[in-house]
Amino acid sequence: MAGSTKSLVKGSPAPGPVPDGSIRAYLMRFCPFAQRAKLVLVAKGIKHEVVFVNTLNKPDWFFEKSPFGLVPAIETSKGQLIYESAIVCDYLDEVFPGKKLTPEDPFQNAQQKMLLEHFSKASSLLFKIVGAKKNNEDTSAIKKEFLEKLIQFDQIVAKRNTPYIGGSSVSMADYMMWPIFERFGIFGVEDCLDKTPHLHQWYQLMLKDPAVQATITKPEVLEGFFKLYLQGNPESVDYGI
Ligand SMILES: N[C@@H](CCC(=O)N[C@@H](CS)C(=O)NCC(=O)O)C(=O)O
């Protein structure tokens, strides 16, 4: 992926205008939401540059690019700013040519969004695990509830009887969910896939996807970052590549 490999921190100067014919993505290397944007950029072959932002020590100007101070955000050569991963991904799919990732059919599109809602009933629990781990609390009850919700989601996926969660080929719903699955190891829930056979099959299929292969982070790198994050020691985190 083109662009700088250093993460910008508080005090780093703001980058200049985005060159014509390109688009800039403000990302953080380990962020699952930023990976959603990266997956769409790569899957559609969109020419872009990347600016990594240290989200634990961000430059003040970043709030002008992304008002909530969150990655991902994108900036066009016209100075247009788009933030929130789902909105960023929809924008990229709508504006750029290449493989359409969102179904043209409104019902199929609605179905994809409903699948994401179902998945979020499980995935939101993962963020509770992070909170509990930060406070050195026991996570077993949350993990149990997560498994129950994931099994329910597995059954929904099974009924659809399509190789990908979104349909017969890889699509937006798959890319929106993938980054969370990639991080099952850091949440300590990777064994849940043994109990969700349809999701497990999908996971194996997604590992072969070129955009997934281009954006995947090695589990040991993710784990290293997560450990430091839990210690609340942002200065010691090397966000660069
Ligand atoms: N709802 C947002 C969530 C994005 C998000 O939480 N990004 C995190 C990094 S994984 C972030 O930028 N955190 C910075 C902060 O909390 O100040 C989206 O989907 O884009």
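The values are calculated or read from the model by the stated rules, or taken from the named source; none is laboratory data. Source: prediction; values computed, not measured. Here Cβ is always computed from backbone atoms with ideal geometry, including for glycine, and neighbour counts include all displayed protein chains.
Things to note:
- Pairs where the first residue, in region 78-96, is assigned by TED's automatic domain parsing to the domain that holds residue 27 and modelled with pLDDT under 95 and the second is among the hydroxyl-bearing types (Ser, Thr, Tyr) and within 15 Å of the ligand (Cβ to nearest atom), C-beta under 8 Å, 6+ apart: none
- For residue 27, the requirement of being closer than 25 Å to residue 222 by Cβ, in contact (Cβ under 8 Å) with a residue 40 or more places away in the chain, within 16 Å of the ligand (Cβ to nearest atom) and buried (at least 19 other Cβ atoms within 10 Å of the Cβ) is met.
- Residue ranges of helices (runs of 4 or more DSSP H) in region 136-240 with at least 2 members among the aliphatic types (A, V, I, L, M): 140-160, 172-182, 197-206, 210-215, 219-230
- The residues listed here are 142, 129; of these, the one that is within 16 Å of the ligand (Cβ to nearest atom), over 16 Å from residue 165 (Cβ atoms), surrounded by 14 or more Cβ atoms within 10 Å (Cβ to Cβ) and of a type in the set (Val, Ile, Thr) is 129.
- Selection count, region 53-91, where residues are surrounded by fewer than 22 Cβ atoms within 10 Å (Cβ to Cβ), among the aliphatic types (A, V, I, L, M) and within 7 Å of the ligand (Cβ to nearest atom): 2
- All conditions but one from (1) part of a loop (DSSP other than H, G, I, E, B); (2) assigned by TED's automatic domain parsing to the domain that holds residue 39 apply to residue 74; the one that does not is (1).
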